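First up is the structure itself, then whatever we jot down about it.
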Amino acid sequence: MSNLIRWEPAREMMTLREAMDRLFDDALTQPLRLSGNGNAWSVPAIDMYQTDNEVVVKASIPGVKAEEVQINVTGEILTIKGEVRQKEETKEKAYHIREQRWGMFERSVALPTEVIADKARAEFENGVVTITLPKAEEAKPKTITIKTK
């Protein structure tokens with residue numbers, strides 16, 4: 001004996017709000033992709049914060065050598081770009097899953113304040129580049145003392 005379930009088309013239709021929620025969820029959880037050399041590579045994920053004296057940017061770029069990364073500051077824009085080189089290409093392999101990405105990447109972000117680009121430094125460790133940009137003197141917070149009479 002089988003149970004019959006009455007089909008209600010309205011129950012199966014997604015509301016416009018649900019469709020928009022799903023669209024935005026997918027857009028925010030799937031990384032932005034740029035194309036390069038016939039393969040897609042995610043733009044580097046970054047963290048940016050500032051202290052009283054510096055702006056610090058950390059970018060995740062696994063699989064890239066330090067000498068393959070170029071960092072530029074033009075005005076208030078920081079640009080990180082480079083290339084992940086394809087390790088091997090064997091025609092005999094039949095991949096079941098292939099998620100390793102290769103090709104050119106570039107990420108530009110607006111800096112929150114003026115910096116002294118000539119005094120910037122970058123360190124690379126375990127696939128993360130840390131860029132430290134000293135703030136320009138006029139951008140540093142000033143303390144004003146109050147005189148009492």
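What follows is calculated from the coordinates using simple rules that are stated; it is not laboratory data. Because the structure is a prediction, the values reported are computed rather than measured. Heads up, the Cβs are rebuilt from the backbone with ideal geometry, glycines too, and the neighbour counts pull from every protein chain shown.
Worth pointing out:
- Cα gyration tensor of the range 94-148 - equivalent ellipsoid semi-axes, whole Å, descending: 42, 12, 11
- Compared with the direct C-alpha span, the chain from residue 50 to residue 92 gains 10.1 nm at full extension, assuming 0.36 nm per residue.
- FRET E, pair residue 119, residue 149, Förster distance 35 Å, beta-carbon r, rounded to 0.05: 0.25
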